[in-house]
1. Amide H to amide H, which residues 5 or more places from Gly16 or on other chains are under 5 Å from it, using H placed in the peptide plane?
2. Ordered by residue, what ³J(HN,Hα) values in Hz, to whole numbers, does segment 136-153 give under the Karplus form 6.51 cos²θ - 1.76 cosθ + 1.60, where θ = phi - 60° and Gly and Pro are x?
3. Give me the net charge for the shell around Ser46: Cβ to Cβ below 10 angstrom, other residues only, Lys and Arg +1, Asp and Glu -1.
4. For Ser181, list long-range residues whose amide hydrogen, built 1.01 Å from N in the peptide plane, is under 5 Å from its own amide hydrogen.
5. Pairs to check: Lys116/Lys195; Lys116/Lys153; Lys117/Lys153; Lys43/Lys267; Lys40/Lys117; Lys116/Lys244. Give those whose C-alpha atoms are more than 29 Å from each other in this structure.
6. For Asp299, what residues show an amide H to amide H distance below 5 Å, using hydrogens built from the backbone and excluding near sequence neighbours?
7. Where in segment 139-222 are there chymotrypsin sites (Phe, Trp or Tyr not before Pro) that are in a DSSP coil and have at most 16 other Cβ atoms within 10 angstrom of their Cβ?
8. Sorted from largest to smallest, which semi-axis lengths in Å does the alpha carbon gyration tensor of segment 108-260 give for its equivalent ellipsoid, taking the root of 5 times each eigenvalue?
Amino acid sequence: MDWVPQPVDNLILMAGGDAVVRLLDTAMGTCHWEVTADAKFPKILSLVCSPSIFVVSAASQSSSHIPLSPSTAKLLSFGLSSPSLPSSRSASGEMHNMQKKFSEGFVGQLSVWDLKKQQLNTFLPLSSGAVPISCMALNHNSTLLVTGGTDGKIRLFDIVQNQQLLCWDANTREVYNVQFSYDENSVYSMGKEDKFSQWSVMQSGRLLADFPIHQHASQPAVGSEHHFPSPPRGNLFAFESENKYVLTCAPSQALVYKVGQEGQLQKTLTLSGHSGPVTCVDWLQGRRSYSNCITCSIDCSARSVNLLKNSD
């Protein structure tokens with residue numbers, strides 16, 4: 001899901017496993033419209049929007065993939081879009097192996113849509129055998145799109161010219177979250193095994209920094225009683241407007257770090273109040289200030305927190 005950027009944050013785009021994108025009004029509790037992206041690619045993995053467009057990353061099971069049994073496929077498909085479903089720790093290893101086989105049999109699709117007309121604009125070209133895209137972010141004027149793939153690569157697209165500009169290896173496994181820096185000269189990413197990095201856009205994906213981060217930052221539900229072996233969806237981290245502070249997920253709370261020189265992180269705040277792992281975070285009002293944030297947990301709760309900004 002993603003909020004529609006506007007003066008009043010009450011419109012949200014949501015999608016799931018039925019290929020349907022819906023525009024919801026959170027203030028009125030109504031659905032303005034819904035559109036089917038592509039029935040042949042029913043699993044929507046990521047969704048981002050601007051005031052004028054939205055981009056959909058969808059996946060479909062490859063015809064060359066050996067199908068799983070109906071009961072297993074149904075269970076795993078449900079798990080891909082519902083990471084909060086609890087499962088026993090004893091079964092997690094077996095389920096992880098089945099999940100890996102299931103996701104490897106998918107191919108991806110990236111489509112760009114007109115938000116006001118609900119019409120398809122174009123498909124973005126995907127290399128490497130149409131690998132599924134697990135996360136995305138738009139720049140300030142929606143001309144550039146950065147993506148993280150299940151193959152561990154970060155890709156940069158020019159939406160206006162409908163072409164891929166850059167592609168580089170970020171992780172040995174799936175990239176879970178990507179975000180442009182404030183000046184949009186670099187990209188932040190977080191992937192499996194808690195790899196939290198900054199990459200240069202101006203220098204073709206050169207590694208600028210590897211940030212030391214707490215254990216399970218990329219998979220905060222691992223090891224908990226709520227853990228289901230599916231990739232996390234949503235913001236695992238969020239920088240505020242000046243990139244001086246970063247809000248992160250953790251197994252029992254949200255953590256705020258101050259970003260120091262040479263990629264050092266200093267823990268400054270712990271935000272508790274949830275009964276389960278925090279799996280999604282963001283700054284309110286477009287991350288314009290270090291004052292208000294939201295934390296969401298696998299226990300189905302969301303907390304809005306007002307923070308007092310330090311003078312420095």
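1. Ile44
2. 8, 7, 9, 7, 5, 10, 6, 9, 10, 10, 9, 10, x, x, 5, 8, x, 9
3. Charge balance in the 10 Å sphere: 0.
4. Close amide H contacts, sequence-distant or interchain: Ser186, Val187, Tyr188.
5. Values: Lys116/Lys195 37 Å; Lys116/Lys153 31 Å; Lys117/Lys153 32 Å; Lys43/Lys267 37 Å; Lys40/Lys117 22 Å; Lys116/Lys244 35 Å.
Those over the limit are Lys116/Lys195; Lys116/Lys153; Lys117/Lys153; Lys43/Lys267; Lys116/Lys244.
6. Sorted by chain and number, the residues that satisfy this are Gly276.
7. Those satisfying the criteria are Tyr182.
8. Three semi-axes, in Å: 26, 18, 15.
Coordinate-derived values only; no laboratory data. Just so we're clear, the structure is a prediction, and the values are computed from it rather than from any experiment. Reconstructed Cβ throughout: ideal geometry from the backbone, glycine too, with neighbour counts over all protein chains shown.
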